[in-house]
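Nothing in this text is a laboratory measurement; each read-out follows from the coordinates by a stated rule. Predicted model, so just to flag it, every value in this text is computed and none were measured. In this analysis, Cβ positions are derived from the backbone assuming ideal geometry, glycine residues included, and neighbour counts consider all displayed protein chains.
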Amino acid sequence: MSDLHEDGLRGLRVLVVEDTLLVADMIADELEEVGCTVVGPAPRVERGLALARAERLDGALLDVNLAGELCFPIAELLLAQGVPFAFLTGYGETTLPPGYRKMPRLAKPFQLNELLNLVRRNFVKH
């Protein structure tokens, strides 16, 4: 695992917004294992917004559908703050509003190495 620590993941502050507890815990555990600081996980839009406003973030992972509520208010706030984010979703690209279709997206179900690669590509300052 030491090679993962050397590619910029250590110390990254990543907001995790995911309403499925098992998935949220799996993501948080994997990020922490490579040295990231997990903010959250937040299971609902309101909590995700509160954390995005209050915390310094290097990136965010957003489940699109949070118990029937869509994550786009959080995405808007992150865009305004200049914080990179990626969607985690079982939905296809066309279900995203047009303005978000070019954003990084990881299709569920995903492998943990795919998640780390997404974080590395999108949240690490090169």
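Taken across segment 88-109, residues that are of a type in the set (D, E, K, R) and crowded, with 16+ Cβ neighbours inside 10 Å do occur, with at least one present.
Among the residues of this structure, Val38 counts as one that is within 13 Å of Arg13 (Cα to Cα), in contact with a helix residue (DSSP H, G or I) (Cβ under 6 Å, 6 or more places away or on another chain) and surrounded by 14 or more Cβ atoms within 10 Å (Cβ to Cβ). Segment 7-108 holds helices (runs of 4 or more DSSP H) entirely within its bounds, and those carrying 1 or more residues that are in contact (Cβ under 8 Å) with a residue 40 or more places away in the chain and farther than 24 Å from Lys125 by Cα map to 21-33. Filtering segment 80-98 to residues that are of a type in the set (Phe, Trp, Tyr) and within 15 Å of Glu55 (Cβ to Cβ) leaves only Phe85.
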